[in-house]
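First the structure, in the form of structure tokens, and then the observations on it.
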Amino acid sequence: MFGRKKETPGQGNGSDEHGLSLSYARTLSWLSLLVVLLTSLGLSFFISNQARQTLMERQEGFALLLAQNLNNQIFQRFAVPTILTYGHIALRQEQQYERLDSVVRSVIEGLPVARLRVYDFSRVVAYSTDAKEIGRKGLAPLNIGPAFQGELLKPEIIARVKVWQVPLLWPLEPGSYRLRVLYPLRGDAYSTGSSPVLGVLELTQDITADYVQVLIFQAAIVVMCLLSSVIMFTLLLIIIHRAERVLKWRMQKNIQLEKELQSTERLVSMGRVVASIAHEIRNPLGIIRSTAELLQRRAASSSDKGTTRLLQAIYDESLRLSQTVNDFLDYARPRQPRQDPVDLELVINQILAFVEGDFARDHIVIEKHFQGPLWVLGDKDLLYRALYNVFVNGRQAMKNEGTLDIRASVREEKAVIAVTDSGPGFDPDIIDKLFEPFFTTKEAGTGLGLPIVRSIIESHGGSVRLMNPESGGARVEVILPLAPQQPIVENGSGTGAGNADAESPAAQGGRDEHSAA
């Protein structure tokens, strides 16, 4: 009794685990986005760089082949004939320059060659496709030295625009990206390296269009990878959020099952205790009640009014105590309801016929709205008791004066009994606790009225809802499944009629929680 309270899911560590689970799912989703983005970006840059490198290698290979072809053509069609004719090469002579120019232009015609120069050992321009550059010094690249030694240099890209500036300067002007090749001119075009170097050939190609295509291809790969990453992350996020909702639902279900298990354990314990003492309590109560009733009859002929009032108090309190014992027994050891056809309209009319006197004394008006007979399968006596408790609770909530509105209708193939009173309504702070056993706001209540109502209705496959309508007051909705086949009513009587005799209200059920009033 005085031991440490046992923790349940949703309390203590349970809620921590629940929070950690959901937080872990959200953290996992964002970590997955980071991993996917980094992986996709790395993969896209790797693929695009490989594509760019492959294309550039092909451009460089083509440029080297073009330089080698120029070397061959210059040697065969210009150098050899010129030496045989003039004995030496002197490009300052107009005839030799025009001959070399015609050979060069015949080779590069139709090719994207921006400029072609030939440098002598003094790094003076000996030939250029631009005649104004001939004889000029200082135009040779700084790294041209190894080429005079016969070394074949790697082609290089000359960029006038940085990659990140391409979208800002679109469309690019011709010459924004150029490929430059420095190729040693040899005296013997077919020699691999033993023939002397006569000069250095500088071949410059305009590769702007091709390089832009490479950049567009690279950007397309990056965009596609990012787009696929976003799609993958979105799908992953949807799955994680769905798993999070399922996890939350399961946690709530476990909490509910835990509460139900604890409630069942309490019921079992209470049932054992109540069953053991019910017999001992009922017998003395029966003797007290019958004795008080006998003494009342004897004192009726006497003039001692004080004795009569005391005997009446003894009798009333014995009835109340007997009903309290019955409430404990009914909640702790509920009986299995029968499955008889029951007309709810008939049950309601029988209850109202019994309680209309009490309602009239309290100046409470009853308004009924029925769609017709509502047949359900169940135990008429138990349904009578459940609805009786709902009506009486409404009367107690209004105290003196008010209206009790009772509506019976069909909603989504279910019978709905909506009972609305004009009282102060349910306290929002405790409305969730009104179905808890032994929770009461009344001085003389046991806290078992509404729990017994819900127990009876749920045993019939239905449910009970508490709410505060916008029009004011409080509303209790009793929802029950309709009978599969509606019985045929003959002469205004239904088949599941029970015994609605003039039992005392105390014998019909406890009058417990309704509102905080």
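Against the condition closer than 22 Å to SER455 by Cα, in a helix (DSSP H, G or I) and modelled with pLDDT under 80, how does VAL222 come out, does it pass? Break it down stepwise before answering.
Numbers: closer than 22 Å to SER455 by Cα: no; in a helix (DSSP H, G or I): yes; modelled with pLDDT under 80: yes.
No: the conditions fail for VAL222.
Flag not set for ASP432, criterion: under 27 Å from ALA360 (Cα atoms), under 34 Å from the mean Cα position of the chain (by Cα) and open to solvent by 30 Å² or more (accessible area, probe 1.4 Å). Is it fair to say GLU458 is at pLDDT below 85 and open to solvent by 70 Å² or more (accessible area, probe 1.4 Å)? Taking the combined requirement at face value, the residue does not satisfy it.
Working only within region 333-385, note down all residues that are of a type in the set (Phe, Trp, Tyr) and surrounded by fewer than 16 Cβ atoms within 10 Å (Cβ to Cβ). I'd like the intermediate steps shown before the answer.
The first filter runs over region 333-385 and keeps only residues of a type in the set (Phe, Trp, Tyr), leaving 354, 359, 370, 375, 384.
Of everything in region 333-385, just one residue is of a type in the set (Phe, Trp, Tyr) and surrounded by fewer than 16 Cβ atoms within 10 Å (Cβ to Cβ), namely PHE370.
Being without any contact (Cβ under 8 Å) to a residue 12 or more places away in the chain and either open to solvent by less than 80 Å² (accessible area, probe 1.4 Å) or in contact with a strand residue (DSSP E or B) (Cβ under 8 Å, 6 or more places away or on another chain) (or both) is not true of SER263. Residues in region 153-171: is at least one in contact with a Ser or Thr (Cβ under 8 Å, 6 or more places away or on another chain), within 28 Å of VAL214 (Cβ to Cβ) and aromatic (Phe, Trp, Tyr)? No, region 153-171 contains no residue that is in contact with a Ser or Thr (Cβ under 8 Å, 6 or more places away or on another chain), within 28 Å of VAL214 (Cβ to Cβ) and aromatic (Phe, Trp, Tyr). Residues that are touching a helix residue (DSSP H, G or I) at 6+ places or on another chain (Cβ under 9 Å), of a type in the set (Asp, Glu) and modelled with pLDDT under 80 within region 404-443 comprise just one, GLU436. Among the residues making up region 88-137, those that are basic (Lys, Arg) and either on the phi < 0 side of the Ramachandran plot or part of a helix (DSSP H, G or I) (or both) are ARG92, ARG99, ARG105, ARG115, ARG117, LYS132, ARG136, LYS137.
Selection within region 217-252: residues that are open to solvent by 80 Å² or more (accessible area, probe 1.4 Å) and more than 17 Å from the chain's Cα centre (by Cα). The member of this set that is nearest to GLU173 (Cα to Cα) is PHE217.
Among the conditions (1) in contact with a strand residue (DSSP E or B) (Cβ under 7 Å, 6 or more places away or on another chain); (2) modelled with pLDDT under 65, VAL453 misses just one, which is (2).
The values are calculated or read from the model by the stated rules, or taken from the named source; none is laboratory data. Fair warning: this is a prediction, and the values are worked out from it, not measured in the lab. Positions of Cβ are generated from backbone atoms using ideal geometry, with glycine treated the same way; all protein chains shown enter the neighbour counts. For accessibility, only protein heavy atoms count, side chains too; no ligands or nucleic acids. Shrake-Rupley method; radii C 1.70, N 1.55, O 1.52, S 1.80 Å.
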